[in-house]
Every structure is written in structure tokens, then in C-alpha cells.
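The values are calculated or read from the model by the stated rules, or taken from the named source; none is laboratory data. Just so we're clear, the structure is a prediction, and the values are computed from it rather than from any experiment. Here the Cβ is made from the backbone with ideal geometry for all residues, glycine too, and neighbour counts use every protein chain on show. Each accessible area value is taken on the protein alone, full model and side chains, heavy atoms only, with ligands, DNA and RNA left out. Shrake-Rupley method; radii C 1.70, N 1.55, O 1.52, S 1.80 Å.
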Amino acid sequence: MDSKSDVLINEPSLVDPFGRAVNYLRLSVTDRCNLRCTYCMAEDMTFLPRQQILSLEELRDVATAFVDLGVKKIRLTGGEPLIRRDIIKLVSAIASLPSLDEVTMTTNGMLLSKMSQPLKDAGLGRINISIDSLKTDRFKDLTRVGDLDLWHNGIKAAKKAAFDKIKLNTVILAGFNDDEVLDLARYAVDNDMDISFIEEMPLGAISSHERSKTQVTSEQVREQLEREFSLIDSVETTGGPSRYMQVVGSTSKIGFISPMSNNFCSSCNRVRMTAEGRFLLCLGNEHSMDLRQVMRSHPGDSELLRAKIVEALKNKPERHHFDANRTDIVRFMNMTGG
Ligand code: SAM
Ligand code: SF4
């Protein structure tokens, strides 16, 4: 190793121009999915051709570069990460990176009945499982194709595999599932899981509903929850737009992810890689760098890859400016990596 790489590796340099240290990468492994959630995707989606998606080796190289630069946590996401071939191999490769604290995943749970134990054995620590309704017909409507029984089988297997923590993720939409806030929270508490309620973001043009009419703020969700639960502030923070509260008398925490109503960008500690290798500096902006091009034109040049990541970070915007009345960002969430 030459002296320049030594400097890069020993002195993590992922600090953006606003002084925010980046230590968290969300890595999308595919834009494809086995569901079609109405708020995430249009009904008729075109997915990327396979050769445009990062290979397993490229994903591993990118993860290694970020970890060498000081990233401590990597979340695998998509699209649906569990439909990616060789995902277990990737989890295992990333989990074995020496200075990484944890590798986690966000999944819709459809394939967890078979994959929970292999994921746990490969080194996956915590897992986030999305669920927007516990009613069979509504689950089908919101996901367009989903089967709630499969989801329950996945949860059973995830509990049996004993991940360090299971957290549910729920996007609340007025008129679609805002009457299930208490049921979903109760389910999480009864099963010793955490749950995060997420505000819908205007990412990608959809036709199933008008996003301006389905907005529910975290504050409105919290008001509903406090009718039944006592909540106290939790010290836990992941950086970025989330806040956690402990449910008194239980092991569960409730998270509020409020990108629309509460701007927490000043503490943002994360960046994203899209499935086609675009290093995305902010969910709500298009500032990015094509790292696939870097890797494919200079195969094996890890020093250049790290240098490009550091260079791109100079363009991390100070904040996003989401407006539910406008779709400034045409990129859908499955492209972005949620
Ligand atoms: N397919 C996996 C899943 O659903 O958990 C991982 C990818 S998905 C894009 C990650 C998270 O983003 C999910 O919890 C999903 O509900 C959320 N999400 C998708 N579109 C969103 C949107 N427009 N606004 C807010 N959250 C969204
Ligand atoms: Fe698929 Fe996740 Fe998007 Fe639903 S939210 S369509 S499960 S990527």
C-alpha cells in the first residue's frame, strides 16, 4: 500500500463542506422488486438492464472503499434486496470488512421465510421489514400484488433467526392506512419489535393518488399513538430525519421519520449508492457521481475510487426542499435505495 492510501485509510475524510461526517451508506443492490407499492412505484415500471447494475464484485469494492474512508454502517436496500442473486454472499463479504460496525437491510419481508437464517448466519445484524397494513385486502391494494400471509411467514422466520433487532417500517398515507397507526404500533410492541412511521416523500411521478392529499405528519401520528401509549424521548439517533421514542413498559421504540414536516438535514450522516452505481449525496437532490464508470474504466484501482468518493462529497447539498405539491425528483424510491 502506498503512502497516499495510508493517509486515506487512516484518516477518514468523509466530511462534507458543512462539517457533517458521513459514516452511513445505504447501498441499493437492485432496482427491481417483487411488490409494486403505490407510493413507491408507478404501475408500469421499466427496470434497468442487468449489465447496468453493479456486479457483486463492484458492490463489494464500493462497500470496501466507503469503509476504508470511515463508514461504520451499511444498509443493503433496493428495490427488494432479497431478490438479488447472491445477496447472501454479498452480506457475508460486507460483514467481514474489519472496521465496519454493522451491516443491516431493509426488506419487504416477502422472501424472509427462507432467507432469514442464511442472512443471520452471513452476519446481518439488524433488519428493517416494511409493512403498511395488517389487513389482507388493503395490503394487497397498497402493494398491488402482495400476499400478507407470506409477510407473516417471513416475520416468524425473522424472529426465529434472532436478529439483533427487528424494526418495522410503515409509510402512513391519509385515507389509505392512517386508521391503522395504533394497530401497527400494538403489533410491534406485542412482538418486541421497534416501528418507524415514515412521511411519504414526493419521489417519482405516480398516478395512484395525489401525494399532496395523502400527507400525514409525524406529529399527527404521534397524537394518535399517545391516546394509547406513553412515549418518552429516546437517546437513540441514527442521524438524518428520524427521532425515536421509547414505549413505556415495553422494549419497543417508535421512530418518526419526518423528511416533510421537520428538516433534520443539519445532522445528516448518510449517503446512498443507487443500483447502477450512482453515488447520490442527498435523497432530495440530484447531486451525484457515476462510480460505475470509475470502476469500469479503471478496474481494481481502489485508490482512485476512494479519491472520487471524497471528491463527490464536496457536492453534498446542505438540505432538501421537498414539497408534496411538486415532483421535483423524478427518480422513484426503488431507484434511490430507501
Ligand atoms: N423493498 C424494500 C422495502 O420495501 O422495505 C426496501 C426498499 S424500499 C424503497 C425502502 C423503504 O422506503 C420502505 O420502507 C418503503 O416503505 C419506503 N418508501 C418507498 N417509497 C417511499 C416514498 N415515496 N416516501 C417515503 N417512503 C418510501
Ligand atoms: Fe418494492 Fe420496497 Fe418499493 Fe414496495 S417500497 S415497491 S417493496 S421497493
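Return the whole-Å distance between the Cα centroid of region 241-285 and the Cα centroid of region 192-230. The two parts, judged by their Cα centres, are 14 Å apart. Along the axis of the charge dipole computed for region 79-211 (Cβ charges of +1 for Lys and Arg, -1 for Asp and Glu, origin at the Cα centre), the listed residues A185, M115, I166 are led at the positive end by M115. By the compact-protein rule of thumb, 2.2 N^0.38 Å, the alpha-carbon radius of gyration of the chain corresponds to a ratio of 0.96. For G277, the residues 5 or more places off, or on other chains, whose built amide H falls under 5 Å of its own are L54. Close amide-amide hydrogen proximity is noted between L76 and L27, T104, M105, T106, each under 5 Å apart and 5 or more residues distant or on a separate chain (H modeled in the peptide plane; Pro and chain starts excluded). Placing +1 on the Cβ of every Lys and Arg and -1 on the Cβ of every Asp and Glu, with no other charges, gives the chain a dipole of roughly 540 debye about its Cα centre. A simple spin-label model places the labels of K89 and E236 3.4 nm from each other, with each point 7 Å out along Cα-to-Cβ.
Accessible area per residue for the chain, computed on protein heavy atoms with a 1.4 Å probe, is 43 Å².
A simple spin-label model places the labels of T136 and A21 5.1 nm from each other, with each point 7 Å out along Cα-to-Cβ. For region 20-168, the dipole from Cβ point charges (+1 on Lys and Arg, -1 on Asp and Glu) about the Cα centre works out to 400 debye, to the nearest 20. At 1.4 Å probe size, with the rest of the protein present, what percent of the exposed accessible area of the chain is carbon and sulfur atoms? Accessible surface attributable to carbon and sulfur in the chain totals 49 percent. Each label was represented as a point 7 Å from its Cα along the Cα-to-Cβ direction; for F47 and D190 these points are 3.4 nm apart.
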